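To start, the structure under review is shown below, and the notes come after it.
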Amino acid sequence: RARGALFDLDGVIVDTAKYHYLAWKRLANELRFDFTEADNERLKGVSRMRSLDILLELGKFDIGEALRERMSILKDNWYVEYISHMTQDEILPGAREYIQSLREQGVRIALGSASRNAPLILDKLHITDLFDAVIDGNSVTNAKPDPEVFLRGAKSLGLQPGECVVYEDAEAGVEAAHRAGMKAVGIGTSQTLPEADYIISGLHELVGKSVLQER
Ligand code: B16
Ligand code: MG
């Protein structure tokens, strides 16, 4: 029986991808090239600096380290401005209810996100209290698909990796879960997440079910 549940943030609990998109698009437009929603798909679950590299590659920009740093700060400032207007209504359907029900069954809960803005987002959504541990981009050195974020999550919960289940919307996150020795529930489709152990379209599908049934 799973004793711990580790949740990715963007794409699982909230759709922050749309704000990342607005901020990256703004940066691209400042640099005089376009950045589409389809391009944005490539940035989901990817770290901030890696996202910038993908963007600059699309725009055929080759820039030095100092400028790269400044661009990532510019994008982050815009992004933080967008998400600072977020409200509780933006929690994805079923997310709060499902996590709450797991808590009531005694399952320990951790966040495992690549975002350095995760604490701010949890605060805006008023769900910080749902988590026994928060592991995010501030505490992790190796980005997904490296298993570090989930291994740290299990450790913070005082559990073995094999006792934990991961909820992820990105392929790199599913791979990270497997490399950590955990099962992965994929939020998406069998086309987008072929490696996931179980596929759902969103956490609303699991409300009323136990984590047991997913294994
Ligand atoms: P930040 P997740 C990820 O969140 C996003 O999916 C990804 O698009 C973003 O680049 C990354 O966080 C870093 O975010 O710039 O706020 O530190 O899916 O791991 O919760
Ligand atoms: Mg995600």
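Every read-out reported here was derived from the displayed coordinates using simple, explicitly stated rules and does not represent laboratory data. A quick note: this is a predicted structure, and the numbers were derived from the prediction, not measured. Note that each Cβ is placed from the backbone with ideal geometry, even for glycine, and that neighbours are counted across all protein chains shown.
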Legend entry - Backbone N within segment 73-102 under 15 Å of label point (7 Å from E30 Cα along the Cβ vector): 73-82
Legend entry - Electrostatic dipole magnitude of segment 152-213 [Cβ: Lys, Arg +1; Asp, Glu -1; Cα centre; debye, to 20]: 280 debye
Inset, instruction - Wrap a convex hull around the Cα atoms of the chain, take a quarter of its surface area, and give that in square nanometres. - result: 11.1 nm²
Legend entry - D89-L22 FRET efficiency (beta carbon distance; Förster radius 25 Å; 0.05 resolution): 0.85
Legend entry - Prolate/oblate/rounded call for segment 87-211, Cα gyration tensor, a/c under 1.5 rounded: rounded
Legend entry - Options L111, I121, V14, ranked by Cα towards positive dipole end of the chain, top entry (Cβ charges): L111
Inset, instruction - For segment 3-11, just list the computed ³J(HN,Hα) in residue order, Karplus coefficients 6.51, -1.76 and 1.60, θ = phi - 60°, integers in Hz, with x standing in for Gly and Pro. - result: 9, x, 10, 10, 10, 6, 9, 5, x
Legend entry - Under the Karplus curve 6.51 cos²θ - 1.76 cosθ + 1.60, θ = phi - 60°, whole-Hz ³J(HN,Hα) for segment 156-170, x wherever Gly or Pro sits: 4, 8, x, 10, 7, x, x, 8, 10, 10, 10, 10, 9, 10, 10
Inset, instruction - Work out the length of the dipole vector of the chain about its Cα centre, built from +1 on the beta-carbon of each Lys and Arg and -1 on the beta-carbon of each Asp and Glu, and round it to the nearest 20 debye. - result: 360 debye
Inset, instruction - Only bridges with both residues in segment 97-213 count here: give the DSSP antiparallel percent, nearest 5. - result: 0 percent
Inset, instruction - Please report the base-10 log of the normalised intensity I(q)/I(0) for segment 1-48, using a Debye sum with one equal scatterer per alpha carbon and no solvent, at each q in 0.13, 0.29 (1/Å). - result: -0.38, -1.12
Legend entry - Beta bridges by DSSP in the chain, antiparallel share as percent, to the nearest 5: 5 percent
Legend entry - Amide H within-cut-off set for V165, under 5 Å, with H built and near neighbours excluded: G4, A5, L6
Inset, instruction - Could you calculate the contour length gain from E81 to T141, that is, 0.36 nm times the residue separation minus the distance between their Cα atoms, to one decimal place in nm? - result: 19.1 nm
Inset, instruction - Could you calculate, for segment 50-158, the ratio of the Cα radius of gyration to the Kirkwood radius, expressed as Rg to Rh? - result: 1.04
Inset, instruction - In whole Hz, with x marking every Gly and Pro, tabulate ³J(HN,Hα) for segment 171-186 from phi via Karplus 6.51 cos²θ - 1.76 cosθ + 1.60, θ = phi - 60°. - result: 4, 4, x, 5, 5, 4, 4, 5, 5, 7, x, 10, 7, 10, 8, x
Legend entry - Principal axes of segment 3-92: Cα extent on each, largest first, Å: 46, 29, 25
Inset, instruction - Distance check, please: which entries in K124/K155; K18/K183; K75/K144; K124/K209; K18/K75; K44/K209 exceed 23 angstrom between their Cα atoms? - result: K124/K155; K18/K183; K124/K209; K44/K209
Inset, instruction - Between I73 and Q105, take the C-beta separation as r, use R0 = 41 Å, and let me know the FRET efficiency to the nearest 0.05. - result: 0.45
Inset, instruction - Taking the Cα centre of segment 107-191 as origin, sum charge times position over the Cβ atoms of Lys and Arg (+1) and Asp and Glu (-1), and report the length of that vector in debye to the nearest 20. - result: 120 debye
